[in-house]
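As structure tokens, the structure follows; a few thoughts come after it.
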Amino acid sequence: MDPYARVPGSPAEQHAAAASTTRDSIADVWGPRTPFRGEWPVRVDQRTTWTPERWVQSVCVLCSTGCGLDIGVAGNEIVGVRGRAVDRVNHGRLGPKGLHGWEANASADRLIQPLVRRDGRLQPTSWDAAMSLIADRSKRAIAEFGPGSHAFYNSGQLMLEEYYTLAIVAEAGIGTAHVDGNTRLCTSTASIALIESFGTDGQPGSFTDFDVTDAIFLVGHNIASTQTVLWARVLDRLDGPNPPKLVVVDPRPTQAARRADVHLAPRPGTNLPLLNGLLRILIRQGWIDEDFIRDHTVDFEALVSQTDPWTPEAVERVTGVPSANLEAAAEILGTSPTLVSTCLQGVYQSLQATASAVQVNNLHIIRGLIGKPGATVFQMNGQPTAQNTRECGVNGEFIAFRNWQNPTHVADTAKVWNVEPKTLPTWTPPTHAMQIFQFAESGSVRFLWIIGTNPAVSLPELRRIREILAKEDLFVVVSDAFLTETAQLADVVLPAALWGEKTGTATNADRTVHLAEKAIDPPGEAKSDLEALLDYARRMDFRDRDGAPLVKWSDAEGAFDSWRECSRGRPCDYSGLSYAKLRGGSGIPWPVTDAYPDGKERQYENGVFNTAADYCETYGHDLATGAAITPTEYAARDPKGRAIIKPAEYLPPPEEPDDAFPFLLMTGRVTYHWHTRTKTGRSAALDAAAPAPFVELSQIDAARLGISEGELVEVRSRRGHIVVPAQLTGMEPGVAFVPFHYGDDADGPPTAANRLTLTGWDPVSKQPHFKYAAVSIQRAAAGASAAATDRLTALAGSATGQSAGAPRTAAGARR
Ligand code: SF4
């Protein structure tokens, strides 16, 4: 019998009546204003569909804000969530994704058994058979082709303990450098930009800096859509006493842009000249902290000469931003006593990503606005646990922000894991994701384990990626909760437990560590990725240098305890943290040590940065070319704890609009979805709120092309095309925007944004260019079949309120 059936007067009906929602977060995304009165007031948001029998402490993992929440449980079902009033991140608030996304756990299409490919088809099998096959193929590939035949492509949505176990398995067990996360697509620029300026990864500041700052500078960061609770925090400042000034850089008229004191809308791909122009004004006006520059930085002079040509007129010529607007923005950024700046995908996924992100760091460095209340820069994370991917070294970095080129750092890691240093793959730089797929394409990678991510939707040039995944000589393992586009191409599919079905820790974008307790059992035979990796390690019989099992833990807390030791002495020091300490209260920002037993609000308070040659995470790069600085070169100019000011020269884009492809395309996100919609697409309310892709165009362009609102248009690049409805806004002419969340609709014309994007990446962070491609746009009705037109029009229609039902694409994995 359906336990949710409503029989009048029955316990079920009583429970249903007890279901509660504090607000309709779909219609009212940010909730009622609670202006600051000293502290950010508590506002507990809750949504339940049934009366919880118990509440289990956890954290929302649908964006990098990391809101503390409790999971409501009845029987073995998640029946709701409520924000944790005590939590430092959200003070009880939750956004629409947090309030609804948990419904995915109970989806009828969860994978509940392992699958193996037999006779060309994926067929159910046992865990033992699946893992035996994986271990057998893994051993054979190592024997025939060596450790470099193995690659692991993971996620920004696992738990710290899973990343840490993956690190030891891949690096000390197998000895491969081919380990990267889908965080490459969203956060690799954040980490490298922090490293280039401050010596190591790790956000300098705290979300509490938003509470007291005098000005906020959002650069390519659609905060109102991507981090709704953080935007609610900003709104409560904007609508409270002493509101901060707001400067927004975004080609689109986003919600934040509409609230800005100054909105700068540069042409896509021109962030760097815009920022150079702002820096030039600050320097010329003397809006700099000369004492801080003298005592705490190196290479200021290089910035002066590099920015000098970028007069407001030159900036206007290249970016399209009126010089008066540039000067107005510079005055706010140059004269506000304190300033919080953030960057996100509008910087990271565009051209010269690292070079641009570093200029925002430079702005803070030359003003001495870092390490003080209300004064910091966020190189914001995208995914919820991207910070942990980076900390644990499975995102192309070395573990615990150590330096893979520093023998002492390598030896320190080897000591914790009790292995010989030479077994760790530090003879080569860590391989980045796009290169992993190139190696698989060329046949040098033979074994690829994809965990919690859906590259068959999320990587650029989808057709090529799908062909690689389908190659005969590539053995593909996919761990996921759903049969994604990627899983459908796998040789083995392992059913994964989702958030709420396993215990672990998650660190958000302001270094706050939360404990997420297991609330329910996973469905069927699904297991956590940690369990799968531990099983694999046992079957591979990985050993340490004393012949004992390499991986010495058997559960999440054991992995966390090993990580505490591994991180000791590094910036991300968890040595003073424990599950016991995280239970019951708020999240705690690292470092947590004997000196800082309750964590630390902000780094670099003493003006000493992590740049000393024997401590830094890398030796840095030339920002324009990506050329690595050698250890010898770095040591010769050892910054010894001073922040590094790095200028960068503007380089023209690889593809310019022309007569055939006259528009510049950006891809991005909408408020109601997360990545490829694995979870959010399985919530009826979120799916109904944003059921289908679209292309956003300026009203001016639409009028010129004779395109009306909702009309189907074909967007075509040199790499492919899609057919989607038009959405007309006041965005800049010549620019188009398509959300990337949606795969192709099996029954209609192509709709996946990544059919259009180009294969190219930032030379330093290796982050792909998702926000720059030349496209053409035209009405599609003549070219589309009548059926396809009807279908897409129906989907578009449901965006205006009609019921949408289940996700129409196979949606994505946990990205
Ligand atoms: S802001 Fe992010 S972490 Fe917070 S509830 Fe929304 S999706 Fe979850």
(request) Evaluate segment 514-522: report whether one residue or more is in contact with a Lys or Arg (Cβ under 7 Å, 6 or more places away or on another chain) and under 27 Å from Ile78 (Cα atoms). (result) yes
(request) Determine if segment 95-102 includes at least one residue that is within 15 Å of Asp521 (Cα to Cα) and either part of a loop (DSSP other than H, G, I, E, B) or within 11 Å of the ligand (Cβ to nearest atom) (or both). (result) yes
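Do the conditions hold for Ile283, that is, is it part of a loop (DSSP other than H, G, I, E, B), within 23 Å of Ile216 (Cβ to Cβ), of a type in the set (A, V, I, L, M) and modelled with pLDDT of 95 or more? Give the steps one after another, and end with the answer.
Details: part of a loop (DSSP other than H, G, I, E, B): no; within 23 Å of Ile216 (Cβ to Cβ): yes; of a type in the set (A, V, I, L, M): yes; modelled with pLDDT of 95 or more: yes.
When the stated conditions are applied, Ile283 does not pass them.
Just to be sure, is Val81 buried (at least 21 other Cβ atoms within 10 Å of the Cβ), under 30 Å from Gln435 (Cβ atoms) and within 16 Å of the ligand (Cβ to nearest atom)? Show your work before the answer.
Values: buried (at least 21 other Cβ atoms within 10 Å of the Cβ): yes; under 30 Å from Gln435 (Cβ atoms): no; within 16 Å of the ligand (Cβ to nearest atom): yes.
Spelling it out, it is not the case that Val81 is buried (at least 21 other Cβ atoms within 10 Å of the Cβ), under 30 Å from Gln435 (Cβ atoms) and within 16 Å of the ligand (Cβ to nearest atom).
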(message) For segment 438-472, give me each residue that is farther than 20 Å from Cys186 by Cβ, touching a helix residue (DSSP H, G or I) at 6+ places or on another chain (Cβ under 9 Å) and charged (D, E, K, R).
(response) Glu441, Arg446, Arg463, Arg464, Arg466, Glu467, Lys471
(request) Identify the residue in segment 679-695 that is part of a helix (DSSP H, G or I) and within 16 Å of Leu62 (Cα to Cα) and, among all such residues, is farthest from the chain's Cα centre (by Cα). (result) Ala685
(message) Considering only residues that are surrounded by 13 or more Cβ atoms within 10 Å (Cβ to Cβ) and either within 25 Å of Leu351 (Cβ to Cβ) or without any contact (Cβ under 8 Å) to a residue 12 or more places away in the chain (or both), which ones fall in segment 604-640?
(response) Glu617, Thr618, Tyr619, Gly620, His621, Asp622, Leu623, Ala624, Gly626, Ala628, Ile629
(message) If I go through segment 759-772 residue by residue, how many of them are modelled with pLDDT under 85, crowded, with 20+ Cβ neighbours inside 10 Å and either more than 22 Å from Arg252 (Cβ to Cβ) or among the aliphatic types (A, V, I, L, M) (or both)?
(response) 2
(message) Step by step: first the residues of segment 212-234, then only those that are buried (at least 22 other Cβ atoms within 10 Å of the Cβ) and more than 22 Å from the chain's Cα centre (by Cα), then the one that is farthest from the ligand (Cβ to nearest atom). Which residue is that?
(response) Ala215
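Please verify whether segment 240-248 includes one or more residues that are assigned to a helix (DSSP H, G or I) and of a type in the set (Lys, Arg). Walk me through how you get there before you give the answer.
Residues of segment 240-248 that are assigned to a helix (DSSP H, G or I), as a first pass: none.
The answer is no, given that none of the residues of segment 240-248 is assigned to a helix (DSSP H, G or I) and of a type in the set (Lys, Arg).
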(request) Go through segment 330-372 residue by residue and tally those that are modelled with pLDDT of 95 or more and either in a loop (DSSP other than H, G, I, E, B) or under 18 Å from Asn222 (Cβ atoms) (or both). (result) 15
(request) Would you point out which residue out of Gly173, Gly202 is more than 16 Å from the ligand (Cβ to nearest atom) and under 21 Å from the mean Cα position of the chain (by Cα)? (result) Gly202
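What are the residues in segment 381-404 that are within 16 Å of the ligand (Cβ to nearest atom) and in a loop (DSSP other than H, G, I, E, B), if any? Steps first, answer last, please.
Residues of segment 381-404 that are within 16 Å of the ligand (Cβ to nearest atom), as a first pass: 381-388.
Answer for segment 381-404, where residues must be within 16 Å of the ligand (Cβ to nearest atom) and in a loop (DSSP other than H, G, I, E, B): Asn381, Gly382, Gln383, Pro384, Thr385.
Tell me, please, whether a residue that is over 27 Å from the mean Cα position of the chain (by Cα) and buried (at least 18 other Cβ atoms within 10 Å of the Cβ) can be found in segment 84-102. Outline the logic, then answer.
Step one: of segment 84-102, the residues over 27 Å from the mean Cα position of the chain (by Cα) are none.
Scanning segment 84-102, I find no residue that is over 27 Å from the mean Cα position of the chain (by Cα) and buried (at least 18 other Cβ atoms within 10 Å of the Cβ), so the answer is no.
One line per residue, one yes/no per condition, for (1) touching a residue at least 60 places away in the same chain (Cβ under 8 Å); (2) touching a helix residue (DSSP H, G or I) at 6+ places or on another chain (Cβ under 6 Å); (3) acidic (Asp, Glu):
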position	(1), (2), (3)
Ser191	yes, yes, no
Asp214	yes, no, yes
Gly220	yes, yes, no
Gly240	yes, no, no
Pro253	yes, no, no
(request) For segment 341-394, enumerate the residues that are at negative phi, surrounded by fewer than 24 Cβ atoms within 10 Å (Cβ to Cβ) and in contact with a Pro (Cβ under 8 Å, 6 or more places away or on another chain). (result) Leu351
(request) Identify the single condition in (1) more than 16 Å from the ligand (Cβ to nearest atom); (2) in a strand (DSSP E or B) that Arg137 does not satisfy, given that it satisfies every other one. (result) (2)
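Condition check: out of contact with any strand residue (DSSP E or B) (no Cβ under 6 Å at 6 or more places or on another chain), closer than 16 Å to Phe482 by Cα and not aliphatic (A, V, I, L, M). Does Ser107 satisfy that?
Details: out of contact with any strand residue (DSSP E or B) (no Cβ under 6 Å at 6 or more places or on another chain): yes; closer than 16 Å to Phe482 by Cα: yes; not aliphatic (A, V, I, L, M): yes.
Against the criterion (out of contact with any strand residue (DSSP E or B) (no Cβ under 6 Å at 6 or more places or on another chain), closer than 16 Å to Phe482 by Cα and not aliphatic (A, V, I, L, M)), Ser107 qualifies.
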(message) Please determine whether any residue of segment 267-274 is away from the ligand (no atom under 16 Å from the Cβ) and hydroxyl-bearing (Ser, Thr, Tyr).
(response) yes
(message) Of the conditions (1) more than 11 Å from the ligand (Cβ to nearest atom); (2) among the charged types (D, E, K, R); (3) in contact with a helix residue (DSSP H, G or I) (Cβ under 9 Å, 6 or more places away or on another chain), Asp45 satisfies every one except a single condition; which number is it?
(response) (1)
(request) State the number of residues belonging to segment 539-552 that are without any contact (Cβ under 8 Å) to a residue 40 or more places away in the chain and assigned to a loop (DSSP other than H, G, I, E, B). (result) 3
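With respect to Pro571, is the statement that it is open to solvent by 50 Å² or more (accessible area, probe 1.4 Å) and either more than 21 Å from Phe378 (Cβ to Cβ) or in contact (Cβ under 8 Å) with a residue 40 or more places away in the chain (or both) true? I'd like the intermediate steps shown before the answer.
On the way: open to solvent by 50 Å² or more (accessible area, probe 1.4 Å): no; either more than 21 Å from Phe378 (Cβ to Cβ) or in contact (Cβ under 8 Å) with a residue 40 or more places away in the chain (or both): yes.
Here the answer is no, as Pro571 does not meet what is asked.
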(request) Look through segment 48-71, keep the residues that are away from the ligand (no atom under 11 Å from the Cβ) and part of a loop (DSSP other than H, G, I, E, B), and return whichever of them is nearest to Glu103 (Cα to Cα). (result) Thr49
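Hey, can you tell me all the residues within segment 483-502 that are more than 21 Å from Ile71 (Cβ to Cβ), outside any strand (DSSP E or B), in contact with a strand residue (DSSP E or B) (Cβ under 9 Å, 6 or more places away or on another chain) and not hydroxyl-bearing (Ser, Thr, Tyr)?
Quick first cut of segment 483-502, residues more than 21 Å from Ile71 (Cβ to Cβ) only: 483-494.
Retained after the next criterion (residues that are outside any strand (DSSP E or B)): 483-491.
Of the ones still in play, those that are also in contact with a strand residue (DSSP E or B) (Cβ under 9 Å, 6 or more places away or on another chain) are 483-484, 486-491.
If the condition is that a residue be more than 21 Å from Ile71 (Cβ to Cβ), outside any strand (DSSP E or B), in contact with a strand residue (DSSP E or B) (Cβ under 9 Å, 6 or more places away or on another chain) and not hydroxyl-bearing (Ser, Thr, Tyr), then Leu483, Ala487, Gln488, Leu489, Ala490, Asp491 are the ones that fit.
Does Asp87 qualify as being more than 20 Å from Lys679 (Cβ to Cβ) and within 16 Å of the ligand (Cβ to nearest atom)?
On the way: more than 20 Å from Lys679 (Cβ to Cβ): yes; within 16 Å of the ligand (Cβ to nearest atom): yes.
Considered against the rule, which asks whether it is more than 20 Å from Lys679 (Cβ to Cβ) and within 16 Å of the ligand (Cβ to nearest atom), Asp87 comes out as yes.
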(message) It is to be established whether one or more residues within segment 180-192 are open to solvent by 10 Å² or more (accessible area, probe 1.4 Å) and over 22 Å from Thr228 (Cα atoms).
(response) yes
(request) All but one of (1) in a loop (DSSP other than H, G, I, E, B); (2) more than 16 Å from the ligand (Cβ to nearest atom); (3) closer than 19 Å to Ser155 by Cα; (4) not polar (S, T, N, Q) hold for Tyr536, so report the exception by its number. (result) (1)
(message) I'm checking my understanding of the structure. Among residues of segment 556-568 that are touching a helix residue (DSSP H, G or I) at 6+ places or on another chain (Cβ under 8 Å) and open to solvent by 30 Å² or more (accessible area, probe 1.4 Å), which one is nearest to Glu171 (Cα to Cα)?
(response) Glu565
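The values are calculated or read from the model by the stated rules, or taken from the named source; none is laboratory data. These figures come from a predicted structure and were not determined experimentally. Don't worry about glycine lacking a Cβ; one is built from the backbone with ideal geometry, like all the others, and counts go over all protein chains shown. Ligands, DNA and RNA are stripped out before the accessible areas are found, and what is left, the full protein with its side chains, is counted by its heavy atoms. Shrake-Rupley method; radii C 1.70, N 1.55, O 1.52, S 1.80 Å.
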